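Worksheet: the structure to be examined is printed underneath.
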Amino acid sequence: MTDTIAAAKAGDETAFAALTERHRRELHVHCYRMLGSFDEAEDVVQEALINAWRGLGTFDGGNFRAWLYRIATNACLDAIRKNERRVPSLRSFAEVPWIQPYPDRLLDEIAPPEGEPHALAVARETIELAFLAVLQMLPPQQRAVLILRDVLGWQAAEAAELLDLSVPAANSALQRGRATLRERLPHQRGEWSASAPSEEERALVRRLIDAHDNGDFGTLSSLVRDDVRVTMPPEPHCHIGLESLASLGRIAEEMGEWRAVAVDANRMPAFASYLRRPGDTEFRAFKLDVLRVVDGKAAEFTTFDSRLFPAFGLDTTLRGK
């Protein structure tokens, strides 16, 4: 690695790419946690790698991965300050209009650092949508410290050094961030032990897809909780209950025919839907629903647009049947 760093410092872009490529996906997930947005994380990682290339001469030969994390974290903090976004109360995902899903297929690309388990980087409790949304409530410094310490497992001194804080200041920020998580996620975190949707959740998704595609609201209603919630970031609305779900179903039925396929997002069950409007010959990418399941039924649908279909490895059209 020393020779590769020396070559990169001498201006060898291929050597620099070899140094950074294995870290790109984990940096992207780190920035995603910081920002809550897949697209914005992509932009910030690109900016961070450009900054790393330009500043490679300042690298002192220490931990290269930690050096990249410093640059990426600072790029995230700059982006947060520019956006000046605030989450008022987090009554629903509608209050986090910039939130986006993350494809599990890309989480699985992450190569864990030597000596660390793969689950550390991609554990369900640290990538689930509710956790991501609560992170967006934290002030930027608290957010960064909590991710570095409780998600990535860094030591207090390492996190403090990266953020140019004293260890007591970093510990104080961590405790405040943890208190917010305990308040907002009092019961759920201990239940998120699986690294992927369970077989029961996958079976539920298959039944939901059949009911969804066939416009069978009777079956659909039996698969969801009576207090089911539906949010559609960035739309500001939160729909609650079976009556609201039925109203949305009627709107969907009037739009045309539907076909859905199962996917996984944020270590949660999900399905991507294609719509064939009247007169069209193809089903076109339309939306992606991420599910929260409680006691074997769908408790929440978070509905996103089709922008990230390619990231999920999905085609943008399906041939009509």
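What to note about this one:
- Amide H contacts of S92 (H built 1.01 Å from N, under 5 Å, at least 5 apart or other chain): none
- Structure-based [θ]222 nm, the chain - -39500 (n - 2.57) summed over DSSP H runs of at least 4, per residue, nearest 500: -14500 deg cm²/dmol
- log10 of Debye I(q)/I(0), alpha-carbon scatterers only, for the stretch 2-191 at 0.08, 0.14, 0.18, 0.19 Å⁻¹: -0.26, -0.79, -1.31, -1.44
- Using equal-weight Cα scatterers in the Debye expression, the normalised intensity of the chain in log10 at q = 0.10, 0.12, 0.15 Å⁻¹ is -0.62, -0.86, -1.22.
- Cα centroid of the stretch 36-112 to Cα centroid of the stretch 238-281, whole Å: 31
- Other residues within the sphere of radius under 12 Å centred on the Cβ of R206, judged by their own Cβ, net out at -3 (K and R +1, D and E -1).
- Among E254, E125, E235: highest mean-square fluctuation, GNM of the chain, C-alpha pairs under 10 Å: E254
- Shown here is the pair-distance distribution of the stretch 199-319: with all Cα-Cα distances grouped in 5 Å bins from zero up to the longest one, the shares run 2, 11, 22, 26, 22, 12, 4, 0, 0 percent.
- Rg in Å to one decimal, and Dmax rounded to a whole Å, for the stretch 1-91 via C-alpha atoms: 14.7, 52
- Listed values for the stretch 36-45 are Karplus-derived 3J(HN,Hα) couplings in whole Hz (6.51 cos²θ - 1.76 cosθ + 1.60, θ = phi - 60°), namely x, 10, 4, 5, 5, 4, 4, 5, 5, 4, and x replaces Gly and Pro.
- Most mobile of I110, I71, I251 in a GNM of the chain (Cα contacts under 10 Å): I251
Every read-out reported here was derived from the displayed coordinates using simple, explicitly stated rules and does not represent laboratory data. The model shown is predicted, which means the values in this text are computed figures rather than measured ones. Cβ: placed from backbone, ideal geometry, glycine included. Neighbour counts: every protein chain shown.
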